[in-house]
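The values are calculated or read from the model by the stated rules, or taken from the named source; none is laboratory data. On a predicted model such as this, the values are computed, not experimentally measured, just so you know. FYI the Cβ positions are ideal-geometry reconstructions off the backbone, even for glycines, and counts take in every protein chain you see. Quick note on the areas: whole protein, heavy atoms, side chains included, nothing else; ligands and nucleic acids left out. Shrake-Rupley method; radii C 1.70, N 1.55, O 1.52, S 1.80 Å.
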Amino acid sequence: MTTTASVVAFDQVSKAYDAVRAVDGLTLDLSPGQTVALLGPNGAGKSTTLDLLLGLKKPDSGTVRLFGTSPRDAIVAGRVGAMLQSGGLMDEVTVAELVRLACDLHPKPYRPSEVLSRAGIAQIADRKVNKLSGGQAQRVRFALATAGDSDLIVLDEPTTGMDVTTRQAFWATMREQAEQGRTVLFATHYLEEADAVADRVLVLHRGRLLADGTAAEIKARAGARRVSFDVEGALDEPALRALPFLTGIDISGRTVRIQSADADATVHALYGLGVYPRNLEVAGLGLEQAFVAITTAEEAKSK
């Protein structure tokens, strides 16, 4: 595989729609062989970022380069495969016919039978595209994105509509792609997928890069841990809510779940209240909780 020092390079890229800045001074660099998750709440600029990367939109300012050249040149050379939410599939053709067309158009095509097998759709090759379920249509889109030997694969919400088994098989295939030196960039709302699959996580918020690191680093940045326990006897809710270093608390019956910036100090203070916690558990935040904590803190700063 041909590689360069930089697969994707955004340099101070901005894109606005009237008064709304969808992308705001975005700078990032992706290297070969990375599996990168692009996260962000609705309206964070994820889709616009992918559109700019693929040359579907032009930035108002800044530059976007793929493999040191323009997005258009990289795509024409067959170096990029993309699976997007927008755009439909051709009706009244079979899955095999559509995959064969994609292979014929790619500068470095794979055999159609290989593409069908990799995407797990060989058994529906003779079915008309307009007769597919949502999950099957997603797998066809994946087949089209991987019809040839591309160095960068871009996926926008790729597993929407897939069942659990199909999603696991899909990500196993994506890991193989990365192990072969390809860069995989995917946007997703399934944060557990990003946690399990990505070796790098980018968090966008209002068009800006809010966090960039491994899933473990993103969790650590949230600066909180989860503490959960059960309380027997009288429950002094005001005292629990006044515990030090709390960043969040949920009380459901006799079960208390809190987030703390210093779990050791919080638990120490808990015992100081004369509370004997049952089934005490202390754990790090999951990626979803860390994501919420980081974006919520950013929202609070902007007010």
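Output yes when any residue across region 79-88 is modelled with pLDDT of 95 or more and among the charged types (D, E, K, R), and no when none is.
The answer is yes, given that some residue of region 79-88 is modelled with pLDDT of 95 or more and among the charged types (D, E, K, R).
Filter region 46-73 down to the residues that are open to solvent by 50 Å² or more (accessible area, probe 1.4 Å) and out of contact with any strand residue (DSSP E or B) (no Cβ under 6 Å at 6 or more places or on another chain) and list them by number.
Answer for region 46-73, where residues must be open to solvent by 50 Å² or more (accessible area, probe 1.4 Å) and out of contact with any strand residue (DSSP E or B) (no Cβ under 6 Å at 6 or more places or on another chain): S47, L56, K57, K58, G68, R72, D73.
Hey, which of the helices (runs of 4 or more DSSP H) in region 190-269, taking only ones fully inside, have at least 2 residues that are more than 30 Å from T160 (Cβ to Cβ)?
In region 190-269, 237-241 are the helices (runs of 4 or more DSSP H) which contain 2 or more residues that are more than 30 Å from T160 (Cβ to Cβ).
Could you please find all residues in region 132-147 being under 13 Å from G120 (Cβ atoms) and in contact (Cβ under 8 Å) with a residue 60 or more places away in the chain?
The answer is T146, and nothing else.
Just the residues that are buried (at least 19 other Cβ atoms within 10 Å of the Cβ), out of contact with any Asp or Glu (no Cβ under 8 Å at 6 or more places or on another chain) and not in a strand (DSSP E or B), please, taken from region 30-45.
Passing the criteria: G40, A44.
Tell me yes or no: at least one residue of region 196-217 is surrounded by fewer than 17 Cβ atoms within 10 Å (Cβ to Cβ) and over 14 Å from the mean Cα position of the chain (by Cα).
yes
Considering only residues that are closer than 18 Å to G78 by Cβ and either loosely packed, with under 15 Cβ neighbours inside 10 Å or aliphatic (A, V, I, L, M) (or both), which ones fall in region 148-163?
Within region 148-163, L152, I153, V154, L155 qualify.
Taking region 113-147 as the search range and keeping residues that are surrounded by 17 or more Cβ atoms within 10 Å (Cβ to Cβ), touching a helix residue (DSSP H, G or I) at 6+ places or on another chain (Cβ under 8 Å) and polar (S, T, N, Q), which one is nearest to G88 (Cα to Cα)?
Across region 113-147, the extreme among qualifying residues is Q136.
Residues in region 174-187: is at least one in contact with a Lys or Arg (Cβ under 6 Å, 6 or more places away or on another chain), crowded, with 20+ Cβ neighbours inside 10 Å, aliphatic (A, V, I, L, M) and touching a residue at least 40 places away in the same chain (Cβ under 8 Å)?
yes
Can you pull out every residue in region 286-303 that is part of a loop (DSSP other than H, G, I, E, B) and exposed (fewer than 12 other Cβ atoms within 10 Å of the Cβ)?
Across region 286-303, the qualifying residue is only K303.
Only one residue in A222, A261, A283, A269 is surrounded by 17 or more Cβ atoms within 10 Å (Cβ to Cβ), under 30 Å from A194 (Cβ atoms) and either acidic (D, E) or in contact (Cβ under 8 Å) with a residue 24 or more places away in the chain (or both), so which one is that?
A222
Scan R257, R278 and give me the residue that is over 28 Å from the mean Cα position of the chain (by Cα) and modelled with pLDDT of 90 or more.
Every option except R278 fails the conditions.
Please tell me if T166 is open to solvent by 10 Å² or more (accessible area, probe 1.4 Å) and over 30 Å from S260 (Cβ atoms).
Taking the combined requirement at face value, the residue satisfies it.
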